[in-house]
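A short worksheet on the structure shown next.
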Amino acid sequence: MEGAVRVILSVLFLAAKINCQEAILQISDGSTEREYCIVHNQSWTPLSQTLDDALQYPLVNMISTFLCNDSGVNPDLVKGKALVVMRGECDFSQKALVAQRLNATTLLIASNTVMVTPTANDSEYAKVHIPLALMRYMDVLEAQQVFGEGMKAKLYAPPHSKIDASIAVMLLIAIVTVALGGYWSGACERDRLNGVSGGGGDGKADSGELFLYSPLKVVFFVALMCGMLVLMYFFYNVLVYAIIVIFCLASASALFSCLDAVMDLIGCGTGSFSIRNYNFSVRSLVLAAVCISIAVVWGVYRNEDRWIWILQDLLGVAFCLNFMKTISLSNFKICVILLSLLLVYDVFFVFITPYFTKNGVSIMVQVALGPDASGEKTQGNMVEVPAEPQAPSEKLPVVMRVPRFSAWAQNLCGMQFSILGYGDIIVPGLLVAYCSRFDVWINSSKKIYFVSCCIAYLLGMIVTFAVMLLSGKGQPALLYLVPFTLITSAVVAGCRREMRQFWAGSTYEVLDSSREPLLPEGRADRCVEGERC
């Protein structure tokens, strides 16, 4: 057993390390130094992992030539130096071999187009013994202006780990949101059954709450999601703005609902005043102003990567919480149908659709990250870095975003984020919310269904991230979350011999006026004599 654990840990450790294709070029003149983003390929000559270990060479600016041959180049001028030449006219390997014949120590290729990981045929890599990398053409011009002719260069590529602290933050956001959403749904159910809610104790749902109790409605709901996703794929540039506006309105309303519930929980007074026979709540007005302001700030600065992700995640958490509280699944049968259909939906649009799209990118990724999300379209360790500053492309606000803390080159090559779709929180969260309400129906003080489903969701997320790290590719999270949560809930119900009640659930249409729980008092938390838990 101990040996197996060691093997698994070794595999995870090795899988966590990648040959990062983004590196750093430091240019200095002895008194001033600057760093620039470069893109390289470890299949060529590997770079040093630290600045101290990197060798420093004089840098010669030769962007006036493509270096496809050595004609017109003085070997004494480039011997023992790093070269900067222009991209184009011939292959990377041909440029590298020419530079090598001229006894250059390093080859930098200036690019005024998108910088991609420089590749060649496998047979060409072994012939090249000097480092090769791409850099931005505009960076060459800036360095020439700053340093003049006395430039010295160092190239290094610190090891970059796939396991980043942002994954732990994302995991924490997901599990906390699901747990809070489920708890909130259960608390609202308890208040409703006790006649505390504004529903007047008539056993009916609040006016703002929606119930999915018909399989036909579930199928229609999933079909509508499929249609919307396809429309977004074909008409992204138009519909993206409509979704942004809808998100601002919905998230502001959701944030208001969440903050208002917190104020009720801590016992904050409302304070009201009247104007022309209309009553206004001071608390509601202040909260509304705050929530609208946050949504407006996000809408205005939504493309500012450095800090706006904080507001997007805040609004996203509020949106998910309010969705889980508002949309209720009436029984476990509906949960099984909805989650199973959405699992198929997720897998199809992530794994199957790349075979039908022109660029080989899944419709789900294309819509979630935008048509210009080239960094997600490359395979393995391949990367693409814009050669010049570009106008930010509009992206759908449908994901949680956390910057990668270990992305040491992100200030040079661009921000890198770990992302998690709202659907990966909401869909399992609806089942968690049902489990929480079922605990209320059976008077379970230990909340056995709610806690079990939350633990299953946590384990499913861990497995999702583990598979993503090992495979190096994004995963449809519902492929793992749905089986974990559904099977765990079913096992708990079967073990407690409550599957019939759990499957049938309870809707407000069938609850009688006495609102008796589905099971007698005290039945939920202990086994009746002769039964097995």
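Can you compute the charge dipole magnitude of region 21-160 about its Cα centre, using +1 on each Lys and Arg Cβ and -1 on each Asp and Glu Cβ, nothing else charged? Give it in debye, rounded to the nearest 20.
On the way: 10 positive and 15 negative charges, 41 e Å.
The calculated dipole for region 21-160 is roughly 200 debye.
Would you mind ranking E33, E149 so that the residue whose beta carbon has the fewest other beta carbons within 10 Å leads the list?
E149, E33
Distance from the Cα centre of region 298-312 to that of region 267-294, in angstrom?
27
Please list, by residue number, every one of the trypsin sites (Lys or Arg not before Pro) in region 114-194 that is coil in DSSP and has at most 13 other beta-carbon atoms within 10 Å.
Values: sites: K127, R136, K152, K154, K162, R190, R192; in loops: K127, K162.
Here the trypsin sites (Lys or Arg not before Pro) that fit, given the DSSP loop and packing criteria, are K127.
Just to check I understand the Karplus step: with θ = phi - 60° and J = 6.51 cos²θ - 1.76 cosθ + 1.60, what whole-Hz values come out for region 353-365, glycine and proline as x?
4, x, 6, 10, 7, 5, 9, x, 9, 5, 4, 4, 5
By average Cβ neighbour count within 10 Å, what is the ranking of 459-470, 292-303, 331-342, 219-230 from highest down?
Numbers: 459-470: 18.2, 292-303: 15.6, 331-342: 21.0, 219-230: 13.4.
Sorting 459-470, 292-303, 331-342, 219-230 by mean packing, highest first, produces 331-342, 459-470, 292-303, 219-230.
Which pairs break 31 Å Cα to Cα here: K127/K358; K217/K447; K447/K473; K81/K473? Provide the component values of the computation, followed by the final result.
Details: K127/K358 35 Å; K217/K447 29 Å; K447/K473 36 Å; K81/K473 39 Å.
Listed pairs above 31 Å: K127/K358; K447/K473; K81/K473.
Whole-Hz Karplus ³J(HN,Hα) for region 457-471, in order, using 6.51 cos²θ - 1.76 cosθ + 1.60 and θ = phi - 60°, x for Gly and Pro?
3J(HN,Hα) across region 457-471, in whole Hz: 5, 4, 5, x, 5, 4, 5, 4, 5, 5, 5, 4, 5, 6, 8.
Where does each of 437-444, 110-117 land if you order them by average Cβ count within 10 Å, highest first? Spell out each step's value before the answer.
Working: 437-444: 23.1, 110-117: 18.6.
The densest-packed peptide leads the list: 437-444, 110-117.
Going toward the positive end of the dipole of region 21-160, with +1 on Lys and Arg Cβ and -1 on Asp and Glu Cβ, which of C37, Q94, P159 do you reach last?
Q94
What does the highest-first list of 489-496, 75-82 look like by mean Cβ count within 10 Å?
On the way: 489-496: 17.6, 75-82: 15.1.
In decreasing order of mean packing, 489-496, 75-82 become 489-496, 75-82.
Considering amide H positions built from the backbone, and no H for Pro or chain starts, which residues 5 or more places from M400, or on another chain, come under 5 Å of its amide H?
Result for M400 returns L420, G421, Y422.
Any read-out appearing in this document is the output of simple, stated calculations on the displayed coordinates, not a laboratory observation. This structure is a prediction, so every number in the text was calculated from the model and none was measured. Note that we place each Cβ from the backbone using ideal geometry, even for glycine, and neighbour counts take in every protein chain shown.
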